[in-house]
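The values are calculated or read from the model by the stated rules, or taken from the named source; none is laboratory data. Note that this is a predicted model, so its numbers are computed, not measured. Every residue, glycine among them, receives a Cβ derived from its backbone with ideal geometry; neighbour counts consider all protein chains shown. Please note that ligands, DNA and RNA were not included when accessible areas were found on the heavy atoms of the full protein model with its side chains. Shrake-Rupley method; radii C 1.70, N 1.55, O 1.52, S 1.80 Å.
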Amino acid sequence: IVGENGAGETTLVMLLMRMFNPTEGRILLNGTDIRQFSVEEYFKMFSTVFQDFKLFAFQIKDNVSSLDESCRDVEQRVNLAIDKVGLRQKIDSLKKGINTYIDKIYENDGVLLSGGESQRVAIAQALYKDAPVIILDEPTASLDPRVENEIYTKFDKITTGKTAIYITHRLGSIRFCNRAIVLKDGQLLDSGSHDELMRKCPYYAELYNIQAQFYVNTETADK
């Protein structure tokens, strides 16, 4: 889901998740109004990472598993999620591994994670839940383009058999998606693959070309 800031991307996702109720019209899941489902059961369908995610000053393991006490193989699942988001090297560098506390509120040897590392922990938390629908609202906002590409390449494999919905303002990442929905001023402007939108949607093509020029200029300056 793409568009400029304020176009309605996050609102659309909130509606899909039943965080908001529509003031008119209906949202259907396999032909059934989503308001007819149990809220608890409906929420189980989604794993999410929003822009304003927060990590607790608990162990990394507890953040990723959300203090899951129902699973026997919590550590195995946490480590699998850690591997999928590319945090293995960082975790292995910590004396207590996934049992390391985030921040130093409870332990002096707690770890202070960078913005990008924190974002990866949040994504690992979403993967741990293993829900059929994954929603990521600007999941790579704190990551540089190279790491962003790595994350999206991994997600292309990780989300096999799942529905993955991304909200992003970096249009270069759209090439990993089967379909993009373009929003403008709260309205659906167009939809299609990246190549289709470049041909038929001048607004999308304009936004993409502006960003492409920025990256070209950045690479030239670096050289």
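This table checks each residue for (1) assigned to a strand (DSSP E or B); (2) over 21 Å from Leu112 (Cβ atoms).
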{"residue": "Arg35", "(1), (2)": "no, yes"}
{"residue": "Glu40", "(1), (2)": "no, yes"}
{"residue": "Thr48", "(1), (2)": "yes, yes"}
{"residue": "Asp52", "(1), (2)": "no, no"}
{"residue": "Ala57", "(1), (2)": "no, no"}
{"residue": "Asn63", "(1), (2)": "no, no"}
{"residue": "Leu67", "(1), (2)": "no, yes"}
{"residue": "Ser70", "(1), (2)": "no, yes"}
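In segment 156-188, what residues are closer than 16 Å to Lys84 by Cβ, in contact (Cβ under 8 Å) with a residue 40 or more places away in the chain and open to solvent by 40 Å² or more (accessible area, probe 1.4 Å)?
none
Could you check, for segment 134-153, whether at least one of its residues is open to solvent by 60 Å² or more (accessible area, probe 1.4 Å) and touching a strand residue (DSSP E or B) at 6+ places or on another chain (Cβ under 7 Å)?
No, there is no match, as no residue in segment 134-153 is open to solvent by 60 Å² or more (accessible area, probe 1.4 Å) and touching a strand residue (DSSP E or B) at 6+ places or on another chain (Cβ under 7 Å).
Could you please find all residues in segment 119-132 being touching a strand residue (DSSP E or B) at 6+ places or on another chain (Cβ under 8 Å) and open to solvent by 20 Å² or more (accessible area, probe 1.4 Å)?
Result: Gln125, Leu127, Lys129, Asp130, Pro132.
Of the residues that sit in segment 38-55 and are under 30 Å from Val111 (Cβ atoms) and of a type in the set (A, V, I, L, M), which one is most open to solvent (accessible area, probe 1.4 Å)?
Filtering segment 38-55 for residues under 30 Å from Val111 (Cβ atoms) gives 46-55.
Right, trim to of a type in the set (A, V, I, L, M) and you get 49, 55.
Details: Val49: 5, Leu55: 47 Å².
Among those that are under 30 Å from Val111 (Cβ atoms) and of a type in the set (A, V, I, L, M), it is Leu55.
So which residues in segment 24-33 are β-branched (Val, Ile, Thr) and not in a strand (DSSP E or B), if there are any at all?
Passing the criteria: only Ile27.
With Arg35, Arg88, Arg77 as the choices, which residue is more than 16 Å from the chain's Cα centre (by Cα), among the basic types (Lys, Arg) and open to solvent by 80 Å² or more (accessible area, probe 1.4 Å)? First the steps, then the outcome.
On the way: Arg88 fails: open to solvent by 80 Å² or more (accessible area, probe 1.4 Å); Arg77 fails: open to solvent by 80 Å² or more (accessible area, probe 1.4 Å).
Within the list Arg35, Arg88, Arg77, the selection yields Arg35.
When you go through Phe20, Phe58 one by one, which is the residue that is touching a Leu at 6+ places or on another chain (Cβ under 8 Å) and open to solvent by 50 Å² or more (accessible area, probe 1.4 Å)?
Working: Phe20 fails: touching a Leu at 6+ places or on another chain (Cβ under 8 Å).
So the residue among Phe20, Phe58 that is touching a Leu at 6+ places or on another chain (Cβ under 8 Å) and open to solvent by 50 Å² or more (accessible area, probe 1.4 Å) is Phe58.
Could you grab me the full set of residues in segment 104-131 that are of a type in the set (Ser, Thr, Tyr) and out of contact with any Leu (no Cβ under 6 Å at 6 or more places or on another chain)?
Tyr106, Ser114, Tyr128
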